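Read through the structure below, which is laid out as structure tokens, and then see the notes.
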Amino acid sequence: MKKWILTSIISSSIVLVATANESEKKAEYLANKKKNIESRGNKYDEKQWSDHFDAQDLNKDGALSAEEKTAYKASQKASKNTAKKAPKKDSKQRTPKLSATVVTPLATAKLPAIDPVNTLWFQQPADSFTQSLVIGNGRLGAMVYGDPTQEQIVLNDKSLWSGSKIEHDIAGGHVNLPQIRKHLAAEEFDEAKKLMRGAFKVNHGPAYGQGISPFGRYQTLGKLHLSFADTKEPITDYHRQLDLSTGLGTVSYKRGEQAFTRQHFVSAPDQVFVTRLTGTQKFTISMDRPERFKTEAVNDNELVISGHLNDGFEKDGMHYVGRLRVIAPKGSVKAEGNTLNVDAKGDVILLFAAATDYQGIAGRATADPLAATTADLDKVSNKSFDQLLSAQQADHQQYYKRVSIKLPTTENSACATDVRRKKYAEGGEDPALEALFFNMGRYLIISSSRPGELPANLQGVWAEEVHTMWNGDYHFNINTQMNYWLTMPCNLIEMNEPMINFIDSLVEPGTKTAKAYYNTRGWIAHRLTNVWGYTSPAGMDIGGAAWLCEHLWEQYAFTMDKDFLKKVYPIMKSSCEFYIDNLYEEPENKWLVTGPSASPETGFLLPDGKGQSGICAGPTIDLQQLRELFGNTTQAAEILGLDEDLREQLAEMRPRIAPNQIDSEGRLQEWLKPYETREPGHRHVSPLYGLYPYYEITPEDTPEMAKAAQALLEQRGVAQSTGWSNAWKINLWARLHNPEQTSAFIRQMLSDNAFDNLLSRFRPEREGGKKNLFQIEANLGYTSGVAEMLLQSHPTGGDLDAKPLIRILPALPKNWPSGKVTGLRARGGIELDIEWKDGELVDCELRADHDIPLLKVRYDGTTMDLSLKAGKPTKAFASKDAE
Ligand code: FUC
């Protein structure tokens, strides 16, 4: 049965659009759900999931009003008469058609010189956000489609969240903990689960699909539409590109004989989105979003889109404002209803500012977003386009240019990015595309994570929907941490700051949560959070907080900045206190374990068909994370000369934490006991945490364990082809010094887990994945993986007193025979340039921030000792005098 979907609610009018293949998509979705749910031994409820599917497609945050429900029901009825057409919208409010204008591309001979590792380009407008040009300044984001006739630009403000700050914790459940732990020890998992349901109840947890909750969700701000009057002549010489090295998006084309150019960027120094359109032309400007908005022309050259988001209780929550100012010195701008009509005789500049009244853990803390947007625009209105552009470029380049990469080009490297990616997916070689994807990760974190702002969420800052998948939140069982794996190795310490502040902000609510659910000291955050400080249970991945603390230590390890360490040490100490109070002895070996906990999002089968469970005591990942947290905190306390008692306690407890174990198949065990995994190809590879990002397992120092880790990694395979999972695997295989495998996963990612605009794709469609679902962490995890292939600097074997060991080109694949990388950072406060030819290192220069009397550097099995003087470039392996 064909289905009609409510796709857009604009003011009070409702738009119904028929979607092709909807029933097949739904059937596929339900079949997948059924398979997954039943494979976990749970009951599948067809109606629940059918409703869920329907709800997810409603582009609306919250329950439908009575009027909307009636329209929705009517649409369902209409769907039975499938031949009918979608009702037309009022012409003023019509959303421009999605199909891109037919264009003739710029001839190859006329192409500007295009840098194959720093530029994305296309020969046609974007057909969806997956081909759009993605730009941002850490707070504001935009996705430019580049259509000459009906331009649409998605606009984002990172603080734009529905929901509100409330008390989610329900205290008292900790009285059940001793009993739950007894059940876990006795392998009575169903009983443990039953008790847990009572103990870990939450006041308004996150809601998905059509559900609303004060937990809220990250949402799009809306779309800017430019509707051009002259559409008669055909479009020729079309070219669209994004220069990652400058952050400038450009669209150029000819209509008839006349040439047009549009340039777009989002400025961090000036906090505005800027567009310049050249050419004599007439166009109408409008702005909309799927719901909860009003657009007004507040004068002849300004449009304001504003509204209040759902606070999670169907009341007005966050107030947001987007303000567009049009500057057309040659020509006229006139307001007409809620649009502006531009009659341009020369350049037109569009300046867009946005603000919300979010007063939370980071961001602008603006009480009056309307005034803030006016102030932002007033500050820049008398600056020329060139002034704005050069300030933005200087700002962007100071970060982007710190690192560069060069890999071989092939014939395919000269193609447009979408064509290039297609050829690559078909098996074509293009190492320079792999370098472009590396640079894309650096570009995206520079554009979505800036000091003083919220950290990059599941989609960085870019979202064109109200219903962001997983609420566009912050997940702590891989996603948020992966967002920040690249910052230190890729020389982007400033971009790390939002993450560090974010972690700090969790301590206060997390301390309350620890008290409420565990009655212990310290702070805890569970699987996920929002911008309102949610730390309550939502999945029992209890090691996530320790994982966050890794980022605190690693910033120190890369910089040796004691002032920084002093600032973050209390967060680490408090986290230790939580785990110290919660670790307990399991009865069999008297090892210390966590519990109740889980190996993120997967589970095991009990022997003799006695069921299955995700909940357990002491999953391997927790124990690795706690060895790491305790180790790092001990070192921090030593360096700072603090807390001798705590150091002693950690030293006593750390060796008693349950160790890594190898099962009878030779694999690293995921759980305390050698249970059979419920899903051998599961996307989460949690027990490999000890190999990457932590380094207690290394091929050099724990070869047996590294072999077992490899066996587990092999069993996981390509794991449902999820982007972040494949990105994690690049990092893991790099730590195993296996370039064949890193290469295989690189190919996998660029073929299956990338859109044409190189945003990472959650899953390919053929794997039953949601179509066009973007999650940013895979982009960023890929970049960290490539850095890890070229340079590693972790100490060996997780020993507390181990010093960084620099490994040059530890996983260099054969298809990168020559290349160069500059500006990567190593632990210890060192910057490196590395060059190789015919698979051999030809140049390696190190620059230390401070004197390092003895540094071990390894290349191709040979280790040499170096002594570095602050600021003095030193060559490694310049001669063959290595040990
Ligand atoms: C974790 C993953 C999912 C998804 C979600 C945002 O829960 O298991 O695949 O990435 O985060």
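Odds and ends about this structure:
- Among the criteria (1) over 28 Å from the mean Cα position of the chain (by Cα); (2) crowded, with 20+ Cβ neighbours inside 10 Å; (3) under 30 Å from Gln258 (Cα atoms), the one Thr295 does not fulfil is (3).
- Segment 449-460: number of residues that are open to solvent by less than 10 Å² (accessible area, probe 1.4 Å) and away from the ligand (no atom under 16 Å from the Cβ): 2
- Within segment 523-539, residues that are over 18 Å from Cys549 (Cα atoms) sit with their Cβ atoms under 7 Å from residues that are of a type in the set (A, V, I, L, M) and within 12 Å of the ligand (Cβ to nearest atom), at 6+ positions apart or across chains, in these pairs: Ala538/Leu528.
- Residue check for Arg527: among the basic types (Lys, Arg), within 13 Å of the ligand (Cβ to nearest atom) and closer than 20 Å to Glu577 by Cα: yes
- For segment 738-786, a residue qualifies if it is away from the ligand (no atom under 16 Å from the Cβ), farther than 22 Å from Glu426 by Cα and part of a loop (DSSP other than H, G, I, E, B), and exactly one does: Asn738.
Residues checked against (1) touching a residue at least 60 places away in the same chain (Cβ under 8 Å); (2) in a strand (DSSP E or B):
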| position | (1), (2) |
| --- | --- |
| His308 | no, yes |
| Gly312 | yes, no |
| Gly317 | yes, yes |
| Arg323 | no, yes |
| Val342 | yes, yes |
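- Count of residues meeting criterion [part of a helix (DSSP H, G or I) and either of a type in the set (Lys, Arg) or touching a strand residue (DSSP E or B) at 6+ places or on another chain (Cβ under 9 Å) (or both)] in segment 631-661: 4
- Some residue of segment 720-737 being among the hydroxyl-bearing types (Ser, Thr, Tyr), within 16 Å of the ligand (Cβ to nearest atom) and assigned to a helix (DSSP H, G or I): yes
- Ser686 being within 23 Å of Gly595 (Cβ to Cβ) and not aliphatic (A, V, I, L, M): yes
- Looking only at segment 111-122, residues that are outside any strand (DSSP E or B) and modelled with pLDDT of 95 or more come to 5 in all.
- Residue list for segment 325-340, filter: part of a strand (DSSP E or B) and aliphatic (A, V, I, L, M): Val326, Ile327, Val333, Ala335, Leu340
- Applying a threshold of 9 Å to beta carbon distances and a minimum spacing of six or more residues, or different chains, the list of pairs starting in segment 125-142 at a residue that is open to solvent by 10 Å² or more (accessible area, probe 1.4 Å) and ending at one that is modelled with pLDDT of 95 or more and hydroxyl-bearing (Ser, Thr, Tyr) reads Asp127/Tyr145; Ser128/Tyr145; Phe129/Tyr145; Gln131/Tyr145; Gln131/Thr417; Gly136/Ser447; Gly136/Ser448.
- Filter result (part of a loop (DSSP other than H, G, I, E, B) and surrounded by fewer than 20 Cβ atoms within 10 Å (Cβ to Cβ)) within segment 268-281: Pro269, Gly279, Thr280
- Selection status of Arg364, open to solvent by 40 Å² or more (accessible area, probe 1.4 Å), under 25 Å from Met143 (Cβ atoms) and modelled with pLDDT under 95: yes
- Sole residue being at pLDDT below 95 and within 29 Å of Ser267 (Cβ to Cβ), chosen from Ala86, Ala142, Ala100, Ala126: Ala100
- Among residues of segment 680-705, those that are buried (at least 18 other Cβ atoms within 10 Å of the Cβ) and either closer than 25 Å to Lys610 by Cα or among the hydrophobic types (A, V, I, L, M, F, W, C) (or both), counted: 10
- Near pairs, Cβ below 8 angstrom, 6+ apart or cross-chain, from segment 673-696 (without any contact (Cβ under 8 Å) to a residue 40 or more places away in the chain) to any residue that is open to solvent by 10 Å² or more (accessible area, probe 1.4 Å) and within 15 Å of the ligand (Cβ to nearest atom): Gly681/Val718; Gly681/Gln720
- Check on Asn457, within 30 Å of Ala126 (Cβ to Cβ) and either touching a residue at least 40 places away in the same chain (Cβ under 8 Å) or among the basic types (Lys, Arg) (or both): yes
- Within segment 464-493, if we keep just the residues that are within 9 Å of the ligand (Cβ to nearest atom) and among the hydrophobic types (A, V, I, L, M, F, W, C), the residue that is least open to solvent (accessible area, probe 1.4 Å) turns out to be Ile478.
- Residue tally, condition assigned to a helix (DSSP H, G or I), open to solvent by 10 Å² or more (accessible area, probe 1.4 Å) and within 16 Å of the ligand (Cβ to nearest atom), over segment 597-630: 0
- On inspection, Gln219 does not qualify as at pLDDT 95 or above and under 16 Å from Val251 (Cα atoms).
- Inside segment 552-569, residues that are open to solvent by 60 Å² or more (accessible area, probe 1.4 Å) and either without any contact (Cβ under 8 Å) to a residue 24 or more places away in the chain or touching a Gly at 6+ places or on another chain (Cβ under 9 Å) (or both) make up a count of 4.
- Looking only at segment 494-539, and only at residues there that are open to solvent by less than 20 Å² (accessible area, probe 1.4 Å) and among the small types (Gly, Ala, Ser), the one that is farthest from Tyr208 (Cα to Cα): Gly522
- Against the list (1) part of a helix (DSSP H, G or I); (2) open to solvent by less than 10 Å² (accessible area, probe 1.4 Å); (3) within 16 Å of the ligand (Cβ to nearest atom), the condition Ala708 fails is (3).
- Check on Phe313, among the aromatic types (Phe, Trp, Tyr), at pLDDT 95 or above and crowded, with 18+ Cβ neighbours inside 10 Å: no
- Among residues of segment 662-679 being within 30 Å of Asp860 (Cα to Cα) and assigned to a loop (DSSP other than H, G, I, E, B), the one that is most open to solvent (accessible area, probe 1.4 Å) is Arg667.
The values are calculated or read from the model by the stated rules, or taken from the named source; none is laboratory data. Since the model is a prediction, treat every value here as computed from it, not as a measurement. Ideal geometry is used to build each Cβ from the backbone, glycine not excepted, and the neighbour counts take in all protein chains shown. Keep in mind that these areas ignore ligands, DNA and RNA; they rest on the heavy atoms of the full protein, side chains included. Shrake-Rupley method; radii C 1.70, N 1.55, O 1.52, S 1.80 Å.
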